[in-house]
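Asker: Below you will find the structure I want to go over with you.
Where a number appears in this text, it was derived from the coordinates with a stated rule and is not lab data. Only a predicted model underlies this, so the values are computations on that prediction, with no experimental measurement involved. Cβ sites come from the backbone with ideal geometry, for glycine too, and all protein chains shown count toward neighbours.
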Amino acid sequence: MATTPAASFANSLLSLNSHRPNPNASSIPKPNTLSIQFDKKKNQQQQQHQRHARFTTFCSLDAEPKDPIEDKPIELRYQAFPTVMDINQIRDILPHRFPFLLVDRVIEYNPGVSAVAIKNVTINDNFFPGHFPDRPIMPGVLMVEAMAQVGGLVMLQPEVGGSRENFFFAGIDKVRFRKPVIAGDTLVMRMTLVKLQKRFGIAKMEGKAYVGGEVVCEETLNLSYDSITTYCFGYSLIVDN
């Protein structure tokens, strides 16, 4: 039976409509059930891992060892300076007495080489009422004097020139004051013998003074056993030659 043109055109339209998507149907494909289960399991594992990581971090901070020094009360944390010479031994060597003995303790001594000593600066020192009443500062000249007395502890020992009764300033060079020293500070002074002229009894020494590990004063001193040698012959000709 022959097909008419009208019937052929109708069949073509039906064929096209059968291949068009249904507008009422959802365009998003339905997810696979196995894929949903796998994603849920993966999310659960990630959440467990994050909780475990947070717990581990907390435990590591909690278990960190504490510094035993910080656990101690502050009055037990710091040790006192050692004592190589106490004040009585210092008085046996130096001729100075109150109010001009400015060395309280020797904490290191290398015979014929150097000495390290301390001066505890207190508000009861007799120079503070006048220097200054409203701002107690240790005079720079007294720092120089205190360092010279430490140098005298080296000079007056048998390893250098033998025990003698007195020593004198022969010169002061390159003095620098870096910071003020106030009441409550501990002045730590190191004096080192640089050169010694035994014939004339003159020693050249270098020194530095510290407070809290910072330099507050530095200088070069020339000390002499004999005041006549110091003032008559001239220390610069003796020490520098």
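Asker: Note down the nm distance, to one decimal, between modelled labels 7 Å out along Cα→Cβ at residue 83 and at residue 192.
Answerer: So the two model labels end up 2.9 nm from each other.
Asker: The stretch 73-125: which chymotrypsin sites (Phe, Trp or Tyr not before Pro) are DSSP loop and have at most 10 other beta-carbon atoms within 10 angstrom?
Answerer: 78
Asker: Would you tally the net charge around residue 122, using a Cβ to Cβ cut-off of less than 12 Å, leaving residue 122 out, and scoring K and R as +1, D and E as -1?
Answerer: -2
Asker: Next question. Amide H neighbours of residue 175 under 5 Å, at least 5 residues apart or on other chains, H built in the peptide plane: list them.
Answerer: 220
Asker: Within 9 Å, Cβ to Cβ, of residue 215, how many net charges do the neighbouring residues add up to if Lys/Arg are +1 and Asp/Glu are -1?
Answerer: Its environment carries a net charge of +2.
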